[in-house]
Amino acid sequence: MLSFLLDVLKATSAIGLLLLVGDFISTFVYHVPEHALGRLHCRVHHESKQTFQHYAVLSGRPLVMLDGFLGALPYFLVAIFLWKGSANALFPVSHTGIILGLLFGEFHVVWRHTTKMGWTTPLWVQRCCQMLCIVTPEEHWVHHEDGAIAFGDIFTFFDLPAQKWLATMISWKKRFRRAKQA
């Protein structure tokens with residue numbers, strides 16, 4: 001029984017680490033900089049005509065697929081780091097937990113884009129997500145309506161720091177343009 005509980009704890013820690021660190025890197029290293037400095041993400045992900053049903057994969061458009069890959073890359077890098085770290089006994093996480101974390105991340109990507117298809121999250125699920133600070137489809141749709149708010153692919157607590165990071169990056173961009181013109 002103790003061995004089973006330890007395995008569950010290892011799997012849960014792997015899922016948590018993967019999603020938390022992956023979401024942090026994806027939000028602050030890719031997503032926010034794309035909104036501030038880039039064009040790729042905003043052009044292919046925030047267009048009004050998207051259905052979001054596995055859009056990145058089904059579209060066949062290389063730039064759309066690239067945006068999806070770049071958003072997912074941090075999660076894969078964290079998964080590789082955790083996998084190798086557990087093999088080297090740096091920290092005892094479970095390979096099952098890493099795989100479950102990646103599967104949950106993929107499920108969440110699809111689920112958070114269901115609002116446009118008419119999905120409404122049941123109230124009890126909204127409450128559970130709110131307690132766990134998990135982004136719901138309705139919360140993610142706010143980001144689609146206003147790309148300067150409601151950041152965080154999976155976790156809502158990244159939103160305010162991401163908004164500050166966005167404002168900082170936009171400020172740097174404006175200063176750089178002014179200096180370049182002078």
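Of all lysines in the structure, the ones whose alpha carbon falls short of 28 Å from that of Lys84, not counting any fewer than 8 places away in one chain, are Lys10.
Starting from 0.36 nm per residue, how many nanometres of slack lie between Gln126 and Ala167 once their C-alpha separation is accounted for? Computed gain between Gln126 and Ala167 is 11.9 nm. Once Cα Rg over 2.2 N^0.38 Å is calculated for the structure shown, the corresponding label among (1) 1.44; (2) 1.13; (3) 0.96 turns out to be (2). Membrane-span-like helices in the chain, defined here as complete DSSP H runs extending at least 20 Å along the helix axis by their C-alpha atoms with mean Kyte-Doolittle hydropathy no lower than -0.5, are 2-25, 62-87, 95-111; this is a sequence and geometry rule, not a statement about a membrane.
For the chain, a simple Cβ point-charge model (Lys and Arg +1, Asp and Glu -1, everything else neutral) yields a dipole of about 840 debye relative to the Cα centre. Summarising the label geometry, the points placed 7 Å from Cα in the beta-carbon direction at Ala179 and Val110 lie 4.6 nm from one another.
Pop a pseudo-label 7 angstrom from the Cα along the beta-carbon direction at both Phe69 and Glu138 and give the gap in nm to one decimal. Label at Phe69, label at Glu138, 3.7 nm between them.
Given R0 = 22 Å, the distance between the Cβ atoms of Phe81 and Asp7 translates into a calculated FRET efficiency of 0.60.
Read-outs throughout are calculated quantities, based only on the coordinates presented, and are distinct from any laboratory measurement. Values in this document were obtained by computation on a predicted structure and should not be read as measured data. Glycine also receives a Cβ, built like all others from the backbone with ideal geometry; neighbour counts cover every protein chain displayed.
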